[in-house]
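The values are calculated or read from the model by the stated rules, or taken from the named source; none is laboratory data. Nothing here was measured: the structure is a model prediction, and the numbers come from that model. Every residue, glycine as well, gets a Cβ built from its backbone with ideal geometry; the counts of neighbours run over all protein chains shown. Only protein heavy atoms, including side chains, enter the accessible area calculation; ligands, DNA and RNA are left aside. Shrake-Rupley method; radii C 1.70, N 1.55, O 1.52, S 1.80 Å.
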Amino acid sequence: MYDDNNIFARILRGEIPCKKVHEDDHTLAFEDINPKAPVHTLVIPKGKYVSATDFAEKATDAEIAALMRAVRKVAALKGVDASGYRLIANTGVEGGQEVPHLHIHVLGGRTLGAMVPSK
Ligand code: 5GP
């Protein structure tokens, strides 16, 4: 069940400000409020999708294509497409997802190290 009052829904409605990086018909990209790397941008679909699972099940092909194209655009705009970057879509409880609206983290600007911290 999608929560219309999650923080990214409120950003999409313009109720909460964000530092916009890119926008198109299907997506919005903005800077993470608590960056974990020199580049840390979030790319979200405008549609109401809770998670990567929900998105893969219900989104249209156009929405799915737009999200990946937006990620690639953000990598270029942030200047990390040549140096490399990491995409993360935390999904569900064990995936560590905090905001229940699908978002892809685009991280870069330095060597990022291990993919997952050891216990
Ligand atoms: P998650 O843990 O769900 O994968 O990531 C949620 C991300 O959203 C975190 O990196 C957090 O810093 C970011 N975030 C939470 N609240 C806000 C907000 O109000 N504005 C922005 N720009 N980012 C936020």
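Please report, in debye to the nearest 20, how large the charge dipole of the chain is about its Cα centre when each Lys and Arg carries +1 at its beta carbon and each Asp and Glu carries -1 there. Show your work: numbers first, answer last.
Numbers: 15 positive and 15 negative charges, 97 e Å.
Dipole magnitude for the chain comes out near 460 debye.
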- Would you give the gap between the C-alpha center of the range 29-108 and the C-alpha center of the range 1-22, rounded to a whole Å? 14 Å
- Keeping every protein chain in place, order Tyr49, Tyr85 by accessible area at 1.4 Å, biggest value first, i.e. largest first. Tyr85, Tyr49
- ³J(HN,Hα) computed for each position of the range 113-118 - Karplus, 6.51 cos²θ - 1.76 cosθ + 1.60, integer Hz, glycine/proline x: x, 4, 5, 9, x, 6
- Task: May I ask which residue of Ile16, Phe30, Gly47 lies farthest towards the positive end of the charge dipole of the chain, with charges of +1 (Lys, Arg) and -1 (Asp, Glu) on Cβ and the Cα centre as origin?
- Result: Phe30
- Cross-chain or 8 or more residues apart, Cα under 23 Å: how many lysine pairs in the chain fit that? Count them up, please. 18
- Message: Averaged across orientations, what area in nm² does the convex hull of the alpha carbons in the range 7-108 project?
- Response: 6.1 nm²
